[in-house]
Amino acid sequence: MLSLFPIKTFPPVFDPTPFPKPTLYTYGPGWRNQLLSFDPDCLKWQAYLTFCRVDFGLYNCNEPLASPSGKLPFLAMPTGETLYDEQITFWLRKNETEKKLAEDSEDAEATAFISLAETKLRTALLFSFFLEPRNMSEATGPKYFGHYAKPIDAIIQHRKKNAIIQRMLAKRALLVADEVSIRDRALGLILATRKPKAFSNMHRIIRHIHVYRLTVSRADIYFPIKVYQDAADALLSFSTKLGDEQYFFGSR
C-alpha cells in the first residue's frame, strides 16, 4: 500500500538556476558600496581566490544562517555543492590552483606570518569592530545587523559581541600557554644544571612563572593600548618583511 505513495509527484514550484561559476556568499557591499566585503573573513577569501586566479562570482548574502557552517563566507559551486573554510582550500588544492611557495623554508616563514596576523592583527581588528562603542553603534552594528528588525538586531549584536570576546580570550590563552611552556622548559634546564647551593633564589623564579600563568584574564581583552600596540608591532614585522616588494616572497 505504502509503495503507491506518493501517487503523483509534482515538479518543484521554484527550481533555482545553477550558478555558471563558483559564487562566494559574503557580507556586503563594502564600506563605500564597494565589491570588497567589509567583513575580514569574507575579504580574506575574496583576496585568496583572486590570488589563485579563480573565476568566481560574488553574492551579498548578509545572513550567516544561510551557510551550512552558520557563518559567512561560503562558496556555492555550479554542481550545487557548498564549500567553506578548509573545504575551499582542499578544493583549490585538488584543482591545482592553490598557490605554493618555492622553498620549504618560505612555507614555514609564511606560516609564522599567518599566525602573527591571526593572533595580533585580527584581535585588534575585532576589538575595533565590536568592542569600540562608537564604531559598534555607527559603523559595524548597522553593517552587520542593520537589516534585522528591532529588537532582533540588538539580540544578535549582543550574541556576536560575546562570541568575539570568547574567541579573543581563547587565542590569548593559547599564546600565554605557549610562553609559559617555554619558561617551564627554561626553568627545568636551570634546575638540571645548577648546583644545590644555587637553589636559594629558585622560589622567586617559580613564583614569577606562577604569576605569569594567571595573566590570562578578561581585563587583558579590554585593554586597548595593549591590543593596538601588539598590532602595531605585528605591522612593523610585516613591513620589514615586505620591504620594497609588491608581494610577500617575491611574487603573486
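Structure above, values below:
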| read-out | value |
| --- | --- |
| Interchain or long-range residues, amide H under 5 Å from Tyr84's placed H | Leu75 |
| Listed pairs Lys21/Lys160; Lys143/Lys226; Lys120/Lys241; Lys44/Lys160; Lys44/Lys226 exceeding 21 Å between Cα atoms | Lys21/Lys160; Lys143/Lys226; Lys44/Lys226 |
| Cβ crowding within 10 Å averaged over residues, with 68-74, 55-61 ranked highest first | 68-74, 55-61 |
| Ellipsoid equivalent to the range 2-94 - semi-axes via the Cα gyration tensor, in Å | 31, 16, 12 |
| Inter-site label distance for Met77 and His147 at 7 Å from Cα along Cβ, in nm | 2.5 |
| Computed E for Lys94/Phe10 - FRET, C-beta separation, R0 35 angstrom, nearest 0.05 | 0.40 |
| Neighbour net charge for Gly30 - beta-carbon separation under 11 angstrom, K R +1, D E -1 | +1 |
| Full-stretch length increase - Ala154, Ser137 - with 0.36 nm per residue and alpha-carbon distance subtracted | 5.1 nm |
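Readers should treat all values here as calculations from the given coordinates under stated rules, not as data from a laboratory. Computed from a predicted structure; not experimentally measured. Note: ideal-geometry Cβ built from the backbone for every residue, glycine included; neighbour counts use all protein chains shown.
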